[in-house]
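Below you'll find the structure, written out as structure tokens, and then a few comments.
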Amino acid sequence: MKIKRELVNALTVDVEDYYQVEAFANVVRREDWTHWQPRVEKNTHRLLELFARRNVRSTFFILGWVAEQHPQLVRKIAAAGHEIACHSYQHQLIGTQTRPEFRADVRRAKALLEDLIGNEVVGYRAPTYSITQDTLWALDILVEEGFHYDSSIFPIRHDRYGIPGAERHLHIIRRPAGEIAEFPPSTVRIAGMNVPMAGGGYFRLMPYPVFRWGLRRINESDHQPAIFMVHAWEVDPEQPVIQGTRLNIWRHRNNLRRTEARLERLLGDFRFAPVREVLQLSEKVVEASAVELAGSSAVYARMD
């Protein structure tokens, strides 16, 4: 049975290197990043080649530090027709920063990316989805710094991130600084719980048929676009092993050898486009969600 093709989902890549993930922040200091073997350029090229074969374009959420070290990579991504978006400058959890520090971080990263591509950067994704109930103030700063959409609020319970009661689908958040579109990492609702279907580790750990079922349910039952994410390092099974807890190593490395083949299969089973295009296609959905949010939702009511 083939899926219905009406809805277009958002395809996204988080462009960071294997040693920059938050799980290893206590092992790999930021000041030592330049001492590690860089693999982000090679891995991103693999994804670009895959997307070209499948004639699909994506949004690349790029770490500012990576853009600074590999400017030609950013230009190549943009030249291939993909959207460039911001993944912060130094991949630091928002809750560990002051508000001025966070503002300086996103401003620096946004300016770097815009200078490289000569176009405005309007999308943001926080490191480790770290916009939580305690850091909603970050949305005000994003609005003030010129971002139009965010993809950081994961509506699940997790040991590192999440707002369990948050809206599951594309919607508008109204803050004191203004409005911003939120495209939350995808979930399906099962037995009163939100189950992640967002890509990343969840894509590697779940059997492919289960993940495909989840995205189909979002499209066909919820009648909503899904958003999928893959890290550049997730197509690199040969990357060095970084020491850490067993859980962190398992989360990071499990099924790396299967990611690229599964991703190619996914691109054949669903329609994808960059976030900016999906937002344009979903304007009516966003407007309806804004009305509903303003009238009834309390999850974002905390004005810091």
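The values are calculated or read from the model by the stated rules, or taken from the named source; none is laboratory data. Bear in mind that the values here come from a model prediction, so they are computed numbers and not experimental data. Every residue, glycine as well, gets a Cβ built from its backbone with ideal geometry; the counts of neighbours run over all protein chains shown.
In the condition set (1) among the charged types (D, E, K, R); (2) farther than 17 Å from TRP233 by Cβ; (3) free of Cβ contacts under 8 Å to residues at least 60 places away in the same chain, GLU49 is compliant with all but (2).
ILE180 fulfils the conditions (1) closer than 26 Å to VAL21 by Cα; (2) in contact (Cβ under 8 Å) with a residue 12 or more places away in the chain; (3) hydrophobic (A, V, I, L, M, F, W, C) except for a single criterion, (1). The helices (runs of 4 or more DSSP H) located wholly in segment 50-149 that include 3 or more residues which are modelled with pLDDT of 95 or more and among the acidic types (Asp, Glu) occupy 99-117. The set of residues in segment 183-207 being hydroxyl-bearing (Ser, Thr, Tyr) and touching a residue at least 24 places away in the same chain (Cβ under 8 Å) consists of SER186, THR187. Condition test on VAL40, is it of a type in the set (A, V, I, L, M), surrounded by 16 or more Cβ atoms within 10 Å (Cβ to Cβ) and either touching a helix residue (DSSP H, G or I) at 6+ places or on another chain (Cβ under 6 Å) or farther than 24 Å from GLY118 by Cα (or both)? It is true that VAL40 is of a type in the set (A, V, I, L, M), surrounded by 16 or more Cβ atoms within 10 Å (Cβ to Cβ) and either touching a helix residue (DSSP H, G or I) at 6+ places or on another chain (Cβ under 6 Å) or farther than 24 Å from GLY118 by Cα (or both). Of all residues in segment 104-125, those satisfying the criterion of being closer than 20 Å to HIS231 by Cα and among the small types (Gly, Ala, Ser) are ALA109, GLY123.
Considering only residues of segment 184-228 that are among the hydroxyl-bearing types (Ser, Thr, Tyr) and under 18 Å from the mean Cα position of the chain (by Cα), which is nearest to LEU256 (Cα to Cα)?
Here is the first cut: in segment 184-228, the residues among the hydroxyl-bearing types (Ser, Thr, Tyr) are 186-187, 202, 208, 221.
Keeping just the survivors that are under 18 Å from the mean Cα position of the chain (by Cα) gives 186-187, 202.
Working: SER186: 21, THR187: 22, TYR202: 12 Å.
Here the residue is TYR202.
VAL74 meets the conditions (1) surrounded by 18 or more Cβ atoms within 10 Å (Cβ to Cβ); (2) within 21 Å of GLY200 (Cβ to Cβ) in every case but one. The failed one is (2).
Look at VAL106 and say whether it is touching a helix residue (DSSP H, G or I) at 6+ places or on another chain (Cβ under 8 Å), aliphatic (A, V, I, L, M), buried (at least 18 other Cβ atoms within 10 Å of the Cβ) and under 26 Å from PRO164 (Cβ atoms).
Values: touching a helix residue (DSSP H, G or I) at 6+ places or on another chain (Cβ under 8 Å): yes; aliphatic (A, V, I, L, M): yes; buried (at least 18 other Cβ atoms within 10 Å of the Cβ): yes; under 26 Å from PRO164 (Cβ atoms): yes.
So VAL106 fits the description; yes.
Look at ILE153 and say whether it is in a loop (DSSP other than H, G, I, E, B), within 25 Å of ILE62 (Cβ to Cβ) and in contact (Cβ under 8 Å) with a residue 12 or more places away in the chain. Judged against the criteria, ILE153 is a match. Answer yes or no: is there a residue in segment 12-28 that is modelled with pLDDT under 95, surrounded by fewer than 13 Cβ atoms within 10 Å (Cβ to Cβ) and closer than 22 Å to ILE242 by Cβ. Yes, the conditions are met somewhere in segment 12-28.
Restricted to helices (runs of 4 or more DSSP H) entirely inside segment 193-304, those with at least 1 residues that are farther than 24 Å from TYR161 by Cβ and at pLDDT 95 or above are 208-220, 256-269, 275-281. Hey, does segment 37-47 have a residue that's of a type in the set (Ser, Thr, Tyr) and within 19 Å of HIS252 (Cα to Cα)? Yes, there is a match, as at least one residue in segment 37-47 is of a type in the set (Ser, Thr, Tyr) and within 19 Å of HIS252 (Cα to Cα).
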